[in-house]
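Please read the structure below before turning to the comments.
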Amino acid sequence: MSNDKTNKIGVYVCHCGTNISHTVDVAKVRDWAAEGLGSEGVVIARDYKFMCSSPGQELIEQDIKELGLDRVVVAACSPHLHELTFRNASKRAGLNPYLTELASIREQVSWVHTDKEAATEKAKAVVTGAVERVIENEPLEELKVAIHPDTLVVGGGIAGIQAALEIANAGKKVWLVEREASIGGHMAQFDKTFPTLDCAACILTPRMFEAGNHPNIELMTWSEVTNVAGYVGNFSVTIKKKPRYLKEELCTGCRICIEKCPTKVVDQGYEAGIGYRKAIYTSSAQAVPKYPVIDTENCNFFQKGTCKVCEKSCPTEAIDYEQKEEFLTVDVGNIILATGYDLFDARKVSNYGYGRLPNVFTSIEFERMCNAAGPTSGDIVLRDGKTTPKTVGIIHCVGSRDRNYNNYCSNICCMQSLKFAHLVKERTGDTVYDFYIDMRTPMKAYDEFYQRVLEEGTLFVRGKVAQVTDAARKASEEGKLMVQVEDTLIGKQRRIPVDMVILSIGMEPRHDAKETGKLFGIGCSANGWFTEKHAKLDPISTMTEGIFIAGTATGPKDIPTSVAQGSAAAARVLNMIMRGEVTLEPIKASVYQGQCSGCRICNSLCPFNAITFLEDRKVSEINPALCQGCGTCVAACPAGAISGTGFSNDQILAQIDGLLMDVTLADA
Amino acid sequence: MSKPKFAMYWSGSCGGCEIAVINIHEKILDVDANFDIAFWPVAMDAKVKDVEALEDEEILLCLWNGSIRNEENEHMAHLMRKKSKLLVSFGSCATEGCIPGLGNLFPVAELIDTAYTTLTTDNPDNIRPQTVTQVPEGEITIPAMKDRVHTLAQVVDVDYFMPGCPPESHQIAAVIDLVIEVLQGKAELPPKGAVIGAGHSTVCEECPRQRNLKAIKAFRRIQDVAPLDPELCILEQGVPCNGPATRSGCKARCPSVGAQCIGCYGPAEGVVDYGARLITAFASVIDSKDPEEIEQILDGIPDPAGQFYRFNLADSLFQAGAPAFKKNEV
């Protein structure tokens, strides 16, 4: 505890409407600050309905000017939200912004407690901690650095393509990295898009082509980001280019190698397991770029050492079995993550029989089946490849809105199911049953589409399907798939015979979304989707400056929303590029060399490579130009020889002392 | 002119600090030449009442070794403080609590139970020590254990701290030389509260072993590493060596001869919690990103309390011996 009575500290307690005052007795916190902390240098304590409003901020500014405050504590929301607001208020009144601290009594107190008395005591402790801490704060000067004008877009689905094109069309360079061999993402697999029934390929392939041939887009498919260093404005990104076993500069995309390749493989990727591809392949004839890749696990040459048919048949001698992976490091100022989603594995819902009952299909299989360029040339047939079904059942919410799997709504399944119902009707005239829990058609022209499908005669059954089985109970059920469902509108169990079942499977975060998040320094929600900076007001930013997110990587979305997010992320990046420079917090670590023993524990920890070991003097040193103030080395230094401005040991220990102080007033 | 008075007292400790003082060999004659030994129960006969009879601050230099384990320790600490001009917290027990401080992991009753019931304890009547006992001759008392071990500085005001378990003899000799020089007017005392007889950095600074970037895949006990590379940093070989966090001053005695540092010189300058520093340091150099594997690697440290707080528990942040609520301080 500091006994320095020369400080003049102002404490401001916010009600946040009723967000705080509902659970915390704001007046008591104010009185505690005024009376209990007077000995610590608090000269004024006020409470106000909304500290972040103009009059609230003016209160602080006025006190700084009139009372000569030299430290300010605002007890309000999380620093994430309004630290900058109040630091700027102090700055306007002539006080160094780093002499203002936020005490979070909303996120860390009122929102997480219900007992008003205990919450008030805790709020007092949190405020006391902030007061003790702010005494140890030192004035700091902000730093400005230039922003690199290039951008990295990760993920070449429709959101990533959109973002890349927006930025490239504005005249700025984009590195578009895609881990598959072609861009296009899930959308490239679809047949029609709801609700307008545009052909997906017709609207997507021109965009793919444009992205693939844009002078400002450096397209890197069959590539993955392996390392990200640096910070907003100055990222250094390492990209691994996996070997295609083909020299791109020689390949003309003539596809003779694909035609000649003797090995046929079930295509679990693009064709969703219902079609074939060769061992040298492109996802489709419309793939961008046009260059094929060799699937070494199925290639005769890589497995058995003989064949080389592709090499022999290639007219330009582009095949290169010796090709190795390459690593490329590029500098960019901003990064957009549009890494998309994975599909729910329908095998997990064993009672629906997918993988066991041949005529149970997933929605993505059905998309490929409907596609005129797909394995059945657009014919809707059973697993035998020839029989047209007479009756089709479509089941919603498979893996979604289900406590056993994912508790969230996958957003697109209702419309996707309605689209399937329409396509089946249109192409076969079959009887279609649509099993739904709730029909969700809120976007533009969606409900009209639902009306249309209703009018087309699809039979809607409201209820969650219990089971799909081929076990017949009577002769009429023989050879049928029986759908057991409670029809909640008539209040009865029904057992409906169909020939084909389509499971409308939900969206899931990418299986490696957590690792991707770690790589780029952003967080994931409990469900695994990337977390936005603000769910409502900043849905495409993240807590890491310079890293933006778009499309289904942040949660299930339809195509228009993904495209809009791609454009929005691009606008934010262009905003950064136009600004030209970014203000960095002057939070830096430094080594007190007299205390450094050169143990080298910190040496490999710095994510920004700011630490060097001086061999001659046997001590470590931090380059302040590279240091981003993350604090990793400060925590790691066993000798306590590294200190971080803004988070010094003195500040943190003073804060702990404050938190542990007895906060009862003598007369209270 | 009479010589200034010297005292050395021990409380909760093993006696090794006294041996370390004797271990300065002929230098002890300088002590005798320059000081009048007023009170040193290990070395000469004197009674507490002799000390009580002294004027306040009549003893110039008192080296106090040992933790404050019982009420008598505390009483003596107050007495020696009162009678001494310079009170030095001498050695690890006095400064950090040391091995006696590990008693703070358990309630006192449990400690006593354990001590009086181990397999090797011959205690057929299952007796426990009593602070007050009636005997035919009357009532006898022994000092009660305090509910936890305190460091000397947690109980009385201390002028200087001298770490080490025990402090190295060459450091003791150097401090004695300094005090004599001060007496002769040739040198000045360091500022009050300073750590004397030790360095300002950590053991690594004095350690002759080669240090590289660290990436630890497994922690192993030293007997399980055979043979230990004689040139290479012990921590890099997977043996949890406390050198990086431990104050320099011992000339890296243990690592120099192939044993890991166990941390007897305590935290480096300005470090508040030795164990916490060491935990974050070890955690930082674990070479894995897989939480399960990290867990497994950390399990390679069989006794975390002993590894990280063997000497420092009583002085650590979470057992600082000070009341949690500052304003309740007595």
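The values are calculated or read from the model by the stated rules, or taken from the named source; none is laboratory data. Just so you know, these numbers come straight off a predicted model, no measurement behind them. With ideal geometry, Cβ positions are generated from the backbone for all residues, glycine too; neighbour counts draw on all protein chains shown.
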Worksheet entry | Filter pass, A:Val43 being part of a strand (DSSP E or B) and touching a Lys or Arg at 6+ places or on another chain (Cβ under 7 Å) | yes
Practice prompt. Test B:Asp273 against the criterion of being more than 27 Å from A:Thr612 (Cβ to Cβ), of a type in the set (Asp, Glu) and either within 11 Å of chain A (Cβ to nearest Cβ) or touching a residue at least 12 places away in the same chain (Cβ under 8 Å) (or both), and give yes or no.
Written response: yes
Fill in: Members of the range A:266-302 found to be surrounded by fewer than 16 Cβ atoms within 10 Å (Cβ to Cβ), more than 29 Å from the chain's Cα centre (by Cα) and either within 29 Å of A:Ile380 (Cβ to Cβ) or modelled with pLDDT under 95 (or both), listed by number
A:Val266, A:Tyr276, A:Ala285
Practice prompt. Answer yes or no as to whether B:Ile127 is under 24 Å from B:Ser11 (Cβ atoms), at pLDDT 90 or above and not in a helix (DSSP H, G or I).
Written response: no
Item to complete: Assess whether A:Ile587 counts as being in a loop (DSSP other than H, G, I, E, B), surrounded by 16 or more Cβ atoms within 10 Å (Cβ to Cβ) and away from chain B (no Cβ under 14 Å).
Response: yes
Worksheet item: surrounded by 18 or more Cβ atoms within 10 Å (Cβ to Cβ), within 14 Å of another protein chain (Cβ to nearest Cβ) and either among the hydroxyl-bearing types (Ser, Thr, Tyr) or closer than 30 Å to A:Ile217 by Cβ (or both): does that describe A:Ser597?
Response: yes
Worksheet, complete the sentence: In the range B:210-232, residues that are in a loop (DSSP other than H, G, I, E, B), within 14 Å of chain A (Cβ to nearest Cβ), surrounded by fewer than 17 Cβ atoms within 10 Å (Cβ to Cβ) and touching a residue at least 12 places away in the same chain (Cβ under 8 Å) total 3
Worksheet item: Only one of A:Val573, A:Val563, A:Val582 is at pLDDT below 90, more than 14 Å from chain B (Cβ to nearest Cβ) and either part of a loop (DSSP other than H, G, I, E, B) or surrounded by 16 or more Cβ atoms within 10 Å (Cβ to Cβ) (or both); which?
Response: A:Val582
Discussion item. Of everything in the range A:523-553, what is part of a loop (DSSP other than H, G, I, E, B), among the hydrophobic types (A, V, I, L, M, F, W, C) and under 22 Å from A:Leu176 (Cα atoms)? Give them in sequence order.
Written reply: A:Trp529, A:Ile540, A:Ala550
Discussion item. What are the pairs with Cβ atoms under 6 angstrom where one residue, in the range A:310-321, is over 12 Å from A:Ile256 (Cα atoms) and the other, located anywhere, is of a type in the set (Lys, Arg) and surrounded by 12 or more Cβ atoms within 10 Å (Cβ to Cβ)? Sequence gap at least six, or different chains.
Written reply: A:Asp320/A:Lys247
Discussion item. Based on this model, can you work out whether B:Pro240 counts as more than 8 Å from chain A (Cβ to nearest Cβ), over 23 Å from B:Phe311 (Cβ atoms) and out of contact with any Lys or Arg (no Cβ under 7 Å at 6 or more places or on another chain)?
Written reply: no
Discussion item. Every residue in the range B:14-31 that is of a type in the set (A, V, I, L, M) and either in contact with a Pro (Cβ under 7 Å, 6 or more places away or on another chain) or touching a residue at least 24 places away in the same chain (Cβ under 8 Å) (or both), please.
Written reply: B:Ile19, B:Ala20, B:Val21, B:Ile24, B:Val31
Practice prompt. Give just the number: which of (1) more than 10 Å from every other protein chain (Cβ to nearest Cβ); (2) surrounded by fewer than 23 Cβ atoms within 10 Å (Cβ to Cβ); (3) without any contact (Cβ under 8 Å) to a residue 60 or more places away in the chain does A:Ser620 not satisfy?
Written response: (2)
Worksheet entry | Wholly within the range A:400-473, strands (runs of 3 or more DSSP E) carrying at least 2 residues that are over 26 Å from A:Glu508 (Cβ atoms) | A:431-436, A:459-462
Discussion item. Considering only the range B:267-278, I want to know if a residue exists there that is at pLDDT below 90 and either farther than 23 Å from B:Phe318 by Cα or more than 25 Å from the chain's Cα centre (by Cα) (or both).
Written reply: no
Discussion item. Restricting to the range B:164-209, name every residue that is within 14 Å of chain A (Cβ to nearest Cβ) and in a loop (DSSP other than H, G, I, E, B).
Written reply: B:Ala198, B:Gly199, B:His200, B:Ser201, B:Cys207, B:Pro208, B:Arg209
Worksheet entry | Single residue of the range B:277-307 satisfying the filter (touching a residue at least 40 places away in the same chain (Cβ under 8 Å) and closer than 17 Å to B:Arg247 by Cα) that is farthest from the other protein chains (Cβ to nearest Cβ) | B:Gln307
Fill in: Which listed residue is touching a Cys at 6+ places or on another chain (Cβ under 8 Å), under 22 Å from A:Pro497 (Cβ atoms) and buried (at least 21 other Cβ atoms within 10 Å of the Cβ), from A:Ser410, A:Ser363, A:Ser400
A:Ser363
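The rows are residues; the columns are (1) surrounded by fewer than 16 Cβ atoms within 10 Å (Cβ to Cβ); (2) of a type outside the set (S, T, N, Q); (3) assigned by TED's automatic domain parsing to the domain that holds A:Met500; (4) at pLDDT 95 or above.
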position: A:His422; (1), (2), (3), (4): no, yes, yes, yes
position: A:Asp430; (1), (2), (3), (4): no, yes, yes, no
position: A:Tyr436; (1), (2), (3), (4): no, yes, yes, yes
position: A:Thr441; (1), (2), (3), (4): no, no, yes, yes
position: A:Ala445; (1), (2), (3), (4): yes, yes, yes, yes
position: A:Tyr450; (1), (2), (3), (4): no, yes, yes, yes
position: A:Leu454; (1), (2), (3), (4): yes, yes, yes, yes
position: A:Leu459; (1), (2), (3), (4): yes, yes, yes, yes
position: A:Ala466; (1), (2), (3), (4): yes, yes, yes, yes
Practice prompt. May I ask you to list the residues in the range A:175-206 that are among the β-branched types (Val, Ile, Thr) and not in a loop (DSSP other than H, G, I, E, B)?
Written response: A:Val177, A:Thr193, A:Ile203, A:Thr205
Fill in: Number of the exception - B:Ala173 against (1) surrounded by 12 or more Cβ atoms within 10 Å (Cβ to Cβ); (2) under 21 Å from B:Ser11 (Cα atoms); (3) touching a residue at least 60 places away in the same chain (Cβ under 8 Å)
(2)
Practice prompt. Could you tell me whether the range A:497-504 includes any residue that is in the same structural domain as A:Ser410 (by TED's automatic domain parsing), surrounded by fewer than 20 Cβ atoms within 10 Å (Cβ to Cβ) and part of a strand (DSSP E or B)?
Written response: yes
Discussion item. Looking only at residues that are surrounded by fewer than 21 Cβ atoms within 10 Å (Cβ to Cβ) and at negative phi in the range B:255-269, which one is farthest from the other protein chains (Cβ to nearest Cβ)?
Written reply: B:Val257
Worksheet entry | Boolean, A:Asn609 is in a loop (DSSP other than H, G, I, E, B) and either modelled with pLDDT of 90 or more or over 30 Å from A:Ala200 (Cα atoms) (or both) | yes
Worksheet entry | One residue from A:Leu614, A:Leu653 being surrounded by fewer than 17 Cβ atoms within 10 Å (Cβ to Cβ), free of Cβ contacts under 8 Å to residues at least 24 places away in the same chain, within 14 Å of another protein chain (Cβ to nearest Cβ) and closer than 22 Å to B:Ile234 by Cα | A:Leu614
